[in-house]
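Below: the structure, in structure tokens.
The values are calculated or read from the model by the stated rules, or taken from the named source; none is laboratory data. What you see is a predicted model; the values in this text were computed from it and never measured. As a convention, Cβ positions derive from the backbone with ideal geometry for all residues, glycine included, and neighbour counts pool all protein chains shown. With ligands, DNA and RNA removed, areas are computed over all heavy atoms of the protein, side chains included. Shrake-Rupley method; radii C 1.70, N 1.55, O 1.52, S 1.80 Å.
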Amino acid sequence: MPRIAWWQSGIVYQVYPRSFQDSNGDGVGDLIGIRNRLDHLKWLGVDALWISPFFPSPMADFGYDVQDYCGVDPLFGTLDDFDALVAKAHGKGLKVILDFVPNHTSDQHPWLVESRSSRHNPKRDWYIWRDPKPDGSPPNNWVSHFGGSAWQLDEATGQYYYHAFLKEQPDLDWRNPEVQSAMHDTLRFWMNRGVDGFRVDVIWLMIKDRELRDNPINPAWHEGMPDIQRVLPVHTADQPEVHEVIRGLRRVVDEYDDRVLIGEIYLPVDRLVTYYGEDLTGTHLPFNFQLILAQWKADVVASLITEYEAALPPGGWPNWVLGNHDQPRIAARVGAAQARVAAMLLLTLRGTPTIYYGDELGLSSVAIPPEAAQDPWEKNEPGRGFSRDPERTPMQWDETENAGFTTGRPWLPLSDDHTAQNVDRMREDETSILWLYRRLVALRREKASFSIGDFRLLTQSGDVLVFQRLYRDERFIVALNMSSRAATVAIPEMENGGAIRLSTSLSREAEHVSATLVLDADEGLVIEPA
Ligand code: NOJ
């Protein structure tokens, strides 16, 4: 039996550092704050925290514009704070995963400052510079993810540089071995400090077409869609040569024991799974965002699970993500009742689950008045519904002012119901979604069927999805009603009935059920067959 790595059996929890816990009253979360809240993660029972960027940054894209890959922004603390956080996390048996942003730097990064200083600067070709077209316009039709042309003219040297995101986020040229080697060293810098792995930002965008050919126009584009979708990313994403670059990152990670490489990838499943790499030499976990993107319907979810399972390469370890700092929260997408069903799905599927901070409280989309908007995407394409602020609001800890997040003015508003929807209050209510998360995590830890066992889809009938998890002699059945109507489903694999191990309402445990299972509206059950 192959050794199971921690990132296979474990559960990842994403912390958005601006919003987790402020320790100095400036209204923005920080590393000391995270350290002070590690007990929440222990109480929940997760294994690892992934911290979104805290590196020195002008914060044009809230830290995804890195000015120094080997430091801590003063807003978040110091390197000593970081070391103390890692030490404390490790002391509690928690792994620490960093956010590595290799595709682009900040335009304030010394490399870009040098690169733009002259056409002949040795770092000129660390970035992607091109001459304007004869009429002075950008070299091609590539569009930025945050709207507008992806090319920025540098008046002084008369050339454009490419930026997949903001103009303040120039793309590095990863075809350049000097870039590769400098960035590899930054990975070593953090692993030498004890970091257990990396989530790699936009890994599938790291290589672009060498000839910079125009992207084809998207015939399906309409006004409701973001600017970036005007063109199809044929020459800007998922280029074959990216896999060699990823192999390079993996080799560096493999210089150290037991580290994990996770890739942020938004691609259809057949493309996504190529990011395990040939002979699994790519990312350990290419993030699987299907539960975020798919329609919340039992038949859709059933087929995406089977298709994903079937597409995995031999030995490739699955993973599931329900939310992150770029996507509307699960409770906003499916409603409060289904958010509980979604939690049960996430934590009973085969593959490493990633929980987004605050989803364990059932946080939903927080209304952000226009004058409070922070997200640069919202500022570039205002009022079009693309803002990521609603899912980045402060964590809600207790009933005190600002829910215990800060003694200052929070950088984004809290949700209105924070006096009820907070960790303290919900810990007192053993039927809360917070307790559901905790119980699901505990079950996953206790029963190998869930963490490392096999998966079998049993049936999908109407709004109900039923699957089995099994390991050696252990068998569990998970039945999820993905609608707000009660439903009945026949489960022949439970011919002698079974005992409910866990219910989304947390009120039916130990009840016996028959093979003709009746599910309440929005109910999920984990059953141990008799
Ligand atoms: C993906 C990150 O998750 C997102 O927040 C960021 O804006 C872009 N990459 C650019 O780094």
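Numbers at a glance
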{"quantity": "Residue under evaluation Ser415, criteria (1) out of contact with any Ser or Thr (no Cβ under 7 Å at 6 or more places or on another chain); (2) more than 16 Å from the ligand (Cβ to nearest atom); (3) of a type in the set (S, T, N, Q), criterion not met", "calculated": "(1)"}
{"quantity": "Filter result (open to solvent by 20 Å² or more (accessible area, probe 1.4 Å) and assigned to a loop (DSSP other than H, G, I, E, B)) within segment 389-407", "calculated": "Asp398, Glu399, Thr400, Thr407"}
{"quantity": "Some residue of segment 136-153 being within 30 Å of Asn36 (Cβ to Cβ), within 13 Å of the ligand (Cβ to nearest atom) and in contact with a strand residue (DSSP E or B) (Cβ under 7 Å, 6 or more places away or on another chain)", "calculated": "no"}
{"quantity": "Subset of segment 187-204 (residues that are in a helix (DSSP H, G or I) and either away from the ligand (no atom under 16 Å from the Cβ) or open to solvent by 10 Å² or more (accessible area, probe 1.4 Å) (or both))", "calculated": "Leu187, Arg188, Phe189, Trp190, Met191, Asn192, Trp204"}
{"quantity": "Inter-residue pairs, beta-carbon under 6 Å, first within 13 Å of the ligand (Cβ to nearest atom) and in segment 56-77, second open to solvent by 30 Å² or more (accessible area, probe 1.4 Å), 6+ apart", "calculated": "Ser57/Gln67; Ala60/Glu168; Asp65/Glu168"}
{"quantity": "Qualifying residue in segment 244-261 (condition: surrounded by fewer than 19 Cβ atoms within 10 Å (Cβ to Cβ), on the phi > 0 side of the Ramachandran plot and of a type in the set (Asp, Glu))", "calculated": "yes"}
{"quantity": "Residues that are free of Cβ contacts under 8 Å to residues at least 24 places away in the same chain and touching an Asp or Glu at 6+ places or on another chain (Cβ under 9 Å), drawn from segment 152-166", "calculated": "Gln152"}
{"quantity": "Verdict on Gln421 being within 21 Å of Pro318 (Cα to Cα) and either without any contact (Cβ under 8 Å) to a residue 40 or more places away in the chain or not in a helix (DSSP H, G or I) (or both)", "calculated": "no"}
{"quantity": "Checking Glu178 against (1) open to solvent by 10 Å² or more (accessible area, probe 1.4 Å); (2) out of contact with any helix residue (DSSP H, G or I) (no Cβ under 7 Å at 6 or more places or on another chain); (3) under 30 Å from Leu79 (Cβ atoms), the condition it does not meet", "calculated": "(2)"}
{"quantity": "Residue match in segment 351-360 (condition: part of a helix (DSSP H, G or I) and buried (at least 24 other Cβ atoms within 10 Å of the Cβ))", "calculated": "yes"}
{"quantity": "Answer from Ala499, Ala479, Ala521, Ala448 - the residue that is among the small types (Gly, Ala, Ser) and open to solvent by less than 20 Å² (accessible area, probe 1.4 Å)", "calculated": "Ala479"}
{"quantity": "Which numbered condition Ile228 misses (of (1) in contact with a His (Cβ under 6 Å, 6 or more places away or on another chain); (2) more than 30 Å from Gln338 (Cβ to Cβ); (3) within 16 Å of the ligand (Cβ to nearest atom))", "calculated": "(2)"}
{"quantity": "Search result, residues across segment 113-151 that are part of a strand (DSSP E or B), open to solvent by 40 Å² or more (accessible area, probe 1.4 Å) and in contact (Cβ under 8 Å) with a residue 60 or more places away in the chain", "calculated": "Arg130"}
{"quantity": "Asp80 vs. criteria out of contact with any helix residue (DSSP H, G or I) (no Cβ under 6 Å at 6 or more places or on another chain) and free of Cβ contacts under 8 Å to residues at least 12 places away in the same chain", "calculated": "yes"}
{"quantity": "Residue match in segment 231-239 (condition: buried (at least 20 other Cβ atoms within 10 Å of the Cβ), out of contact with any Cys (no Cβ under 9 Å at 6 or more places or on another chain), without any contact (Cβ under 8 Å) to a residue 40 or more places away in the chain and of a type in the set (Gly, Ala, Ser))", "calculated": "yes"}
{"quantity": "Pair list, Cβ under 7 Å, 6 or more apart: segment 321-343 residue within 16 Å of Met395 (Cα to Cα) and part of a loop (DSSP other than H, G, I, E, B), other residue more than 15 Å from the ligand (Cβ to nearest atom) and open to solvent by less than 30 Å² (accessible area, probe 1.4 Å)", "calculated": "Gly323/Ile330; Gly323/Asp359; Arg329/Asp359; Arg329/Leu363"}
{"quantity": "Any hit, segment 38-45, residues being in a loop (DSSP other than H, G, I, E, B), aliphatic (A, V, I, L, M), modelled with pLDDT of 95 or more and buried (at least 21 other Cβ atoms within 10 Å of the Cβ)", "calculated": "no"}
{"quantity": "Only listed residue being touching a residue at least 60 places away in the same chain (Cβ under 8 Å) and away from the ligand (no atom under 16 Å from the Cβ), chosen from Glu309, Glu381, Glu371, Glu391", "calculated": "Glu309"}
{"quantity": "Counted residues, segment 428-443 - those being over 14 Å from Val526 (Cα atoms), touching a residue at least 12 places away in the same chain (Cβ under 8 Å) and open to solvent by 20 Å² or more (accessible area, probe 1.4 Å)", "calculated": "4"}
{"quantity": "Selection within segment 205-247 - out of contact with any Lys or Arg (no Cβ under 9 Å at 6 or more places or on another chain) and outside any loop (DSSP other than H, G, I, E, B)", "calculated": "Leu205, Asp227, Ile228, Gln229, Arg230, Val231, Val242, His243, Glu244, Ile246, Arg247"}
{"quantity": "Of all residues making up segment 275-290, the number that are away from the ligand (no atom under 16 Å from the Cβ) and either under 20 Å from Arg175 (Cα atoms) or buried (at least 22 other Cβ atoms within 10 Å of the Cβ) (or both)", "calculated": "6"}
{"quantity": "Residue among Lys88, Lys95, Lys123 that alone is basic (Lys, Arg), under 22 Å from the mean Cα position of the chain (by Cα) and more than 16 Å from the ligand (Cβ to nearest atom)", "calculated": "Lys95"}
{"quantity": "Condition broken by Ser449, with the remaining ones in (1) assigned to a strand (DSSP E or B); (2) under 20 Å from Tyr308 (Cα atoms); (3) free of Cβ contacts under 8 Å to residues at least 40 places away in the same chain satisfied", "calculated": "(1)"}
